[in-house]
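Here's the structure, in structure tokens; my notes come after.
The values are calculated or read from the model by the stated rules, or taken from the named source; none is laboratory data. Note that the structure is a prediction, hence the values are computed from the model and not measured. Positions of Cβ are generated from backbone atoms using ideal geometry, with glycine treated the same way; all protein chains shown enter the neighbour counts.
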Amino acid sequence: MQPDSSLSQEPQNVPPVAELKKSPMKINFLAIILAIVLLILAGVGYWGFTLNTSLKATQGTLTTLQGKYDSLTSEKNTLASNLDTITAELEATKAELEKTKTDLSKAEQKAASLRASMDKAMDWLNVAIAVEVDGENDKSVMEKINTLGDSKLASLYKASTDFEIKSSNDIDKWLELFNDFERYLFNGIVDRLK
């Protein structure tokens, strides 16, 4: 094959390479606007994604806090109910305590009254012991009777001690006087213990 002769010839109307002029660069505003819009959309998309992630986290926190709030509300209601119950029990206890104080005061008054009655009965019993057990002399017994302040008891005792026995018939009379004294004395003891 033979070399093509048309290729070996130099081109005739082709401008030299150095003569090519660069055309001034045209700014493509459409491409710049499109790039800016794409950047804005990418930023808005990222921002939306970030907000969505934050929203989901906030909703999870809200759900957790709502559960805790409901739990605390339930606990508060339980505590309020317990407080009401305890308050009612406290009021009942206070009322019972007041009743107990009143009962105690009455019992103390009764005890004081009983103690005073027992002391009086003991004074009367001391007279009986002096006469019946110890056999004290008439003067000593009369002093004890006088401390009681009972004139009938004093007169019954004086009548039985002043009585003179002159005959056997007088013994019955004396026994009757002494029995009247003893009956009055022992009835006095019993009356003070009532």
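Is it fair to say ILE129 is hydrophobic (A, V, I, L, M, F, W, C), in a helix (DSSP H, G or I), buried (at least 16 other Cβ atoms within 10 Å of the Cβ) and under 60 Å from the mean Cα position of the chain (by Cα)?
Numbers: hydrophobic (A, V, I, L, M, F, W, C): yes; in a helix (DSSP H, G or I): yes; buried (at least 16 other Cβ atoms within 10 Å of the Cβ): no; under 60 Å from the mean Cα position of the chain (by Cα): yes.
The answer is no for ILE129.
What are the pairs with Cβ atoms under 7 angstrom where one residue, in segment 154-171, is within 24 Å of SER140 (Cα to Cα) and modelled with pLDDT of 85 or more and the other, located anywhere, is loosely packed, with under 15 Cβ neighbours inside 10 Å and among the aliphatic types (A, V, I, L, M)? Sequence gap at least six, or different chains.
ILE171/ILE165
Quick check on segment 84-103. Is at least one of its residues within 30 Å of ASP191 (Cβ to Cβ) and part of a helix (DSSP H, G or I)? Steps first, answer last, please.
Step one: list which residues in segment 84-103 are within 30 Å of ASP191 (Cβ to Cβ), which gives 102-103.
Those left that are additionally part of a helix (DSSP H, G or I): 102-103.
Yes - at least one qualifying residue is present in segment 84-103.
Restricting the search to segment 153-177, which residues are part of a helix (DSSP H, G or I) and of a type in the set (Lys, Arg)?
Residues of segment 153-177 part of a helix (DSSP H, G or I): 153-162, 168-177.
Answer for segment 153-177, where residues must be part of a helix (DSSP H, G or I) and of a type in the set (Lys, Arg): LYS158, LYS173.
If a residue has to be assigned to a helix (DSSP H, G or I), of a type in the set (A, V, I, L, M) and over 17 Å from ASP191 (Cα atoms) to count, how many in segment 132-152 make the cut?
We begin by selecting, within segment 132-152, every residue assigned to a helix (DSSP H, G or I); these are 132, 138-148, 151-152.
Checking which are of a type in the set (A, V, I, L, M) leaves us with 141-142, 145, 148.
Still in the running and over 17 Å from ASP191 (Cα atoms): 141-142.
Adding up the residues that qualify gives 2.
Would you point out which residue out of TRP124, TRP47 is touching a residue at least 24 places away in the same chain (Cβ under 8 Å), of a type in the set (Phe, Trp, Tyr) and either surrounded by fewer than 10 Cβ atoms within 10 Å (Cβ to Cβ) or part of a helix (DSSP H, G or I) (or both)?
Going through TRP124, TRP47 in turn, the sole match is TRP124.
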